[in-house]
Every structure is written in structure tokens, then in C-alpha cells.
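Asker: Handing you a structure now.
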Amino acid sequence: MTDQSSTSVTRRALLGAFAATTVVAAPTFSNAAGFLRGAGDIRRLTMASPRTGEKIDTIYWIEGEYIKDAVREINLFMRDWRTNDVHNIDMRTMDIMAAAHNLMDVNEPYLLLSGYRSPKTNAMLRSRSSGVAKNSRHLRGQAADLRLNSRSVNQMFRAASACRGGGVGRYSGSNFVHMDCGPVRSWGR
């Protein structure tokens, strides 16, 4: 009987400690930027690259801390696949991508069409298309062009726009959405 009582008290003490922690943490979370609210206490990115055949499924943020090894893994995955140049991807872009993915309530990995772009790659793409910016955020590791087979460009565009974390471009003709951590703005059809 005594063992049962002490076990019960221990459970209550643990529940009380958990509740106190939740109350203390609540004001910080409620003041977070809008797009971070959608990302959650655990942030995860799941992507596949049709260009390289690589896949990534990693938790890169837990309870307010970025996981350095996971961030390095994302940087490598989002490299310029044409030149193999690796650049630090802005963590705000990762957060926007994770938040939009959560808002769409999808398990399918993003298809990463373009992450970081080297100056050489960006210049080559500009020579082939008027839709490539000279000072693209891809050059700074602040943008990603993404696709989901189970969601339309419009659904992805709306989810990314709802994050209010940066620029969102809709490229319906090419079936992808651009997400970046620059000023909040949108474009495309």
C-alpha cells in the first residue's frame, strides 16, 4: 500500500512539474513569429532530390535549439548540384519550409528543385530564362524551389504565404513554389 502511494505521488509530482514547465514556456512560444508557430517544438525537413537521387529526413530543431549536425546535413543536401558547391542555408528558410509542410499536413517529402546556387549556375540559368533574378536569394542560401506531388502549386503557395516569413513565388507552369526568407512578398500565377 505504501509503495502504491509513493508511486502515485511521484506521478503527480511529475505531472505538476510538466504543467509548470508548460506554463513558463507558453509566453515565449506565443510571442514567436507567425511562421514559427506552424513549425512546432520539433522542426523536421523531409526532402528528396530528383537531380541527385538523394533523400533527407532530419529533425534539425528541438525546443529552441538548432541541431548543428542536422543543419550541416541540410546544407550539404541543398548544395548546388551542378557544381557541388555547399553553402550555409539560412535557418529562417528552413523554418518557413518546415512550417509550410506542417500546415499542409502532408507526409510526402518535398522535391527540392533548387536550393543554393553558385554564381556560375545562376549566371547560366539567367542566360536561359528571364525569370531568374540576377541577385537571387538562392545565391545567399536563402531560397528553395520546391514541389509536392500530392499538393497543387496553389495549395503550397497558400501554405507558404500563411507563414508570413518571406517571399513566395508561384510557378504553375513549371509546377513548383519558391520560398525564401527575404521581405514578405508574393508573385506568380
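The values are calculated or read from the model by the stated rules, or taken from the named source; none is laboratory data. Quantities reported herein were computed from a predicted structural model and do not represent experimental measurements. For neighbour counting, all protein chains shown are included, and Cβ atoms are generated from backbone atoms with ideal geometry for every residue, glycine included. The area values use the complete protein model at the heavy-atom level, side chains included, leaving out ligands, DNA and RNA. Shrake-Rupley method; radii C 1.70, N 1.55, O 1.52, S 1.80 Å.
Asker: Mind checking which residues of the stretch 139-189 are free of Cβ contacts under 8 Å to residues at least 40 places away in the same chain and within 19 Å of Pro119 (Cα to Cα)?
Answerer: Leu139, Asp145, His178 - these are the residues of the stretch 139-189 that are free of Cβ contacts under 8 Å to residues at least 40 places away in the same chain and within 19 Å of Pro119 (Cα to Cα).
Asker: Next question, about the same structure. Would you check if there is a residue in the stretch 80-98 being at pLDDT below 95, touching a Lys or Arg at 6+ places or on another chain (Cβ under 7 Å) and among the polar types (S, T, N, Q)?
Answerer: No; the residues of the stretch 80-98 include none that is at pLDDT below 95, touching a Lys or Arg at 6+ places or on another chain (Cβ under 7 Å) and among the polar types (S, T, N, Q).
Asker: Tell me the residue from Leu111, Leu125, Leu76 that is open to solvent by 10 Å² or more (accessible area, probe 1.4 Å), assigned to a helix (DSSP H, G or I) and touching a Ser or Thr at 6+ places or on another chain (Cβ under 9 Å), please.
Answerer: Leu125 is the lone residue from the list that is open to solvent by 10 Å² or more (accessible area, probe 1.4 Å), assigned to a helix (DSSP H, G or I) and touching a Ser or Thr at 6+ places or on another chain (Cβ under 9 Å).
Asker: In addition: Evaluate the stretch 92-102: report whether one residue or more is assigned to a loop (DSSP other than H, G, I, E, B) and not acidic (Asp, Glu). Explain how you work it out, then say what you get.
Answerer: Of all residues in the stretch 92-102, those assigned to a loop (DSSP other than H, G, I, E, B) come to none.
No - not one qualifying residue is present in the stretch 92-102.
Asker: Give me a count of the residues in the stretch 74-114 that are closer than 23 Å to Arg151 by Cβ, touching a Leu at 6+ places or on another chain (Cβ under 8 Å) and either aliphatic (A, V, I, L, M) or without any contact (Cβ under 8 Å) to a residue 12 or more places away in the chain (or both).
Answerer: Summing the residues that are closer than 23 Å to Arg151 by Cβ, touching a Leu at 6+ places or on another chain (Cβ under 8 Å) and either aliphatic (A, V, I, L, M) or without any contact (Cβ under 8 Å) to a residue 12 or more places away in the chain (or both) in the stretch 74-114 gives 11.
Asker: Is it the case, given these coordinates, that Gly188 is open to solvent by less than 20 Å² (accessible area, probe 1.4 Å), within 19 Å of Ala100 (Cα to Cα) and either touching a Lys or Arg at 6+ places or on another chain (Cβ under 9 Å) or of a type in the set (Lys, Arg) (or both)? Show your work before the answer.
Answerer: Working: open to solvent by less than 20 Å² (accessible area, probe 1.4 Å): no; within 19 Å of Ala100 (Cα to Cα): yes; either touching a Lys or Arg at 6+ places or on another chain (Cβ under 9 Å) or of a type in the set (Lys, Arg) (or both): yes.
Answer is no for this residue.
Asker: What residue, among those in the stretch 156-173 that are more than 16 Å from the chain's Cα centre (by Cα) and not aromatic (Phe, Trp, Tyr), is most open to solvent (accessible area, probe 1.4 Å)?
Answerer: Across the stretch 156-173, the extreme among qualifying residues is Gly173.
Asker: Within the stretch 57-73, track down each residue that is without any contact (Cβ under 8 Å) to a residue 40 or more places away in the chain and part of a strand (DSSP E or B).
Answerer: To start, the set of residues in the stretch 57-73 that are without any contact (Cβ under 8 Å) to a residue 40 or more places away in the chain comprises 58-73.
Within the stretch 57-73, Thr58, Ile59, Tyr60, Trp61, Ile62, Glu65, Tyr66 meet the criteria.
Asker: Please enumerate the residues belonging to the stretch 161-189 that are in a loop (DSSP other than H, G, I, E, B) and more than 19 Å from Glu108 (Cα to Cα). Before you say what the answer is, go through the steps one by one.
Answerer: Within the stretch 161-189, the subset in a loop (DSSP other than H, G, I, E, B) is 163-166, 175, 181-184, 189.
Of everything in the stretch 161-189, those that are in a loop (DSSP other than H, G, I, E, B) and more than 19 Å from Glu108 (Cα to Cα) turn out to be Cys163, Arg164, Gly165, Gly166, Cys181, Gly182, Pro183, Val184, Arg189.
Asker: Moving to a separate point now. Does Val132 count as β-branched (Val, Ile, Thr) and under 17 Å from Ser49 (Cβ atoms)?
Answerer: no
Asker: Considering only residues of the stretch 133-142 that are assigned to a loop (DSSP other than H, G, I, E, B) and open to solvent by 20 Å² or more (accessible area, probe 1.4 Å), which is nearest to Pro183 (Cα to Cα)? Break it down into steps so the answer makes sense when it comes.
Answerer: Taking the stretch 133-142 as the starting set, the residues that turn out to be assigned to a loop (DSSP other than H, G, I, E, B) are 133-136, 141-142.
After this cut, where a residue has to be open to solvent by 20 Å² or more (accessible area, probe 1.4 Å) as well, the list is 133-135, 142.
Numbers: Ala133: 15, Lys134: 17, Asn135: 14, Gln142: 11 Å.
Once the filter is applied, the top-ranked residue is Gln142.
Asker: Can you name the number of the only condition in (1) touching a strand residue (DSSP E or B) at 6+ places or on another chain (Cβ under 9 Å); (2) assigned to a loop (DSSP other than H, G, I, E, B); (3) free of Cβ contacts under 8 Å to residues at least 24 places away in the same chain that Arg117 fails?
Answerer: Here Arg117 meets the rest and fails (3).
Asker: Condition (residue is assigned to a strand (DSSP E or B) and under 22 Å from Ile56 (Cα atoms)) applied to the stretch 153-160: is it met by at least one residue?
Answerer: no
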